1. Looking only at the range 168-184, decide whether some residue is open to solvent by 40 Å² or more (accessible area, probe 1.4 Å), touching a residue at least 24 places away in the same chain (Cβ under 8 Å), within 25 Å of M235 (Cα to Cα) and outside any loop (DSSP other than H, G, I, E, B).
2. Within the range 400-454, count every residue that is among the charged types (D, E, K, R) and either assigned to a helix (DSSP H, G or I) or within 16 Å of I334 (Cα to Cα) (or both).
3. Quick check on the range 146-167: of everything there that is of a type in the set (G, A, S) and not in a helix (DSSP H, G or I), which residue is farthest from the chain's Cα centre (by Cα)?
4. Quick one: how many residues across the range 93-119 are of a type in the set (G, A, S) and not in a helix (DSSP H, G or I)?
5. For V377, which of the numbered conditions (1) closer than 25 Å to I245 by Cα; (2) open to solvent by less than 60 Å² (accessible area, probe 1.4 Å); (3) at pLDDT below 90 fails to hold?
6. Looking for whichever is modelled with pLDDT of 85 or more and of a type outside the set (D, E, K, R) here; the options are A140, A100, A197. Which one fits?
7. Restricting to the range 102-141, and then to whatever is touching a Gly at 6+ places or on another chain (Cβ under 9 Å) and of a type in the set (G, A, S), can you tell me which residue is farthest from K73 (Cα to Cα)?
8. In the range 388-416, what residues are under 24 Å from the mean Cα position of the chain (by Cα), in contact (Cβ under 8 Å) with a residue 24 or more places away in the chain and open to solvent by 60 Å² or more (accessible area, probe 1.4 Å)?
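The values are calculated or read from the model by the stated rules, or taken from the named source; none is laboratory data. Keep in mind it's a predicted model, so treat the numbers as computed, not measured. Please note: Cβ atoms are built from the backbone with ideal geometry, for glycine as well, and neighbour counts cover all protein chains shown. For the accessible areas, the whole protein counts, side chains as well, though only heavy atoms, and no ligand, DNA or RNA atoms are used. Shrake-Rupley method; radii C 1.70, N 1.55, O 1.52, S 1.80 Å.
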Amino acid sequence: MSTTRVSLLFSFVEKYVLVLLSLAGGMIISRLLTPTETGIYAVAAVLLGVAQVLRDFGAGQYLVQERELTEAKLRAVLGASFLFAWPLAALIALLGYPLASFYREPQLAPLLQLLAVNFVLLPFSSVILPMLRREMRFGAICAINLTHGLCSVLVSVTLAWHGFGFMSMAWGSVAATGAALLLSLWLSPPRMPWLPARAGIGRVIVFGAYATGGNLIDEAGAAAPDLVIGKMIGMDAVGIFGKAIAVLAVFHKAITNAVTPVVYPLYAAHVRGGGDAREAYLRTVSYMTAFAWPFFACVAVMALPILRLLYGEQWDAAGPLIRIMCFSSALYSISCMSRYFLVAIGQAAPQARLDGMTVMLRIALLMLAAPFGLSAVAWAIVGATVFRVTFTMRCLTRLGGISIAQVAAASFKGLLLTGLAVLAPLSVLALSPDSPALAVVAGVASVLLWFAGIVLVRHPLIDELDLARRKLAAALSH
């Protein structure tokens with residue numbers, strides 16, 4: 001099996017187990033916490049998510065794409081990580097009280113201060129994980145991330161069960177960071193430097209300014225709905241909106257997040273070797289739309305029974321939001337890997353400018369929509385996504401030599417798969433529009449129709465399925 005396929009296998013195993021852990025934990029915690037408690041933690045988490053991008057400051061991407069690594073460069077990356085992470089930890093702790101006052105939620109301050117501990121711990125593994133990714137050691141990365149996920153769920157659920165409220169999730173986050181750090185130190189590549197250095201930090205910062213600029217703006221756009229809703233509507237609305245996002249995020253956790261750690265090193269390897277990364281990118285688009293479009297179509301049809309199955313009836317208000325935002329999520333899947341392609345071919349600056357334009361529009365639309373309620377916010381997200389995908393396609397054509405026609409051709413069979421897979425939930429919906437049990441039946445039937453569709457339309461995924469079948473047959477024969 002090729003290195004890329006082995007890497008994807010480990011990455012998918014990791015993400016699917018993490019999705020199952022997250023779902024199990026979420027199903028329990030959503031029945032122990034109120035929408036308001038969930039909303040308070042969600043606001044803190046998105047604030048920390050924005051700071052998390054600054055904490056890394058492109059160090060991981062720098063190590064993956066750098067042609068020749070030396071000990072001096074590794075020590076410079078380590079130095080840059082401490083330079084950004086520890087001051088950020090102090091800043092988050094100090095800003096806890098002003099942010100709590102801004103949102104009129106005093107409990108936000110101790111929550112942010114506890115979560116800031118993560119920023120104290122994370123720099124110690126800042127070189128290890130990118131080096132494991134550069135060496136395509138996704139087995140080790142899988143073990144580290146599974147340890148993080150398992151520890152987070154166990155601690156959070158246990159503490160929530162004993163009445164710790166939203167603080168249970170914060171303690172789970174800190175415990176998970178500590179556990180993952182210990183394992184990453186044990187699995188680190190040999191001869192790793194442990195002392196940071198100032199020499200060479202400037203080069204890391206210059207690269208990180210472009211790479212992080214785009215990521216920071218993108219993260220701000222993702223965080224904007226929760227922050228705007230929390231200020232203009234209320235923490236309970238943040239909780240409701242968060243549950244809609246949680247259902248949609250199942251795809252990103254299971255598929256997008258599994259593919260992302262592999263595609264950037266893959267594109268970068270093509271470029272470093274003098275090859276053409278366009279074919280790899282179009283194949284990625286073909287795979288992503290084959291997964292994304294059927295998933296979001298089925299979720300849109302079965303939104304209410306899925307919510308009741310996962311989180312209970314107190315979250316029914318999230319159903320209409322899911323149906324609206326499934327469209328934007330499906331559309332975004334066409335271009336969700338474009339960032340890594342453009343950075344790999346040396347176009348990080350245009351990508352950052354694109355992010356800046358689209359996120360500014362997103363925030364403006366959200367602020368205009370928030371006074372009209374959560375449905376208006378969901379439609380604002382759809383509008384911002386249409387704008388983003390349109391301009392991303394223009395960048396791919398102008399900078400990467402990838403035409404809209406090529407992207408459409410790569411996506412066409414995904415559309416056919418969607419038409420087949422959605423037949424099952426449409427049939428079940430006609431029988432019972434809100435039955436959680438029938439949602440499970442519809443999901444199983446959709447997966448079976450999806451597999452049948454891959455064979456019928458001869459989707460490129462059939463090669464991967466055939467390879468998996470032959471490997472399994474060979475393993476069983478022995």
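1. yes
2. 1
3. G163
4. Just the residues of the range 93-119 that are of a type in the set (G, A, S), to begin with: 93, 96, 100-101, 109, 116.
If we keep only those that are not in a helix (DSSP H, G or I) too, we end up with 116.
Residues meeting the conditions: 1.
5. (3)
6. On the way: A140 fails: modelled with pLDDT of 85 or more; A197 fails: modelled with pLDDT of 85 or more.
Selected residue: A100, the only one of A140, A100, A197 that is modelled with pLDDT of 85 or more and of a type outside the set (D, E, K, R).
7. Per the stated criteria, the residue is A109.
8. Correct list: L415 only.
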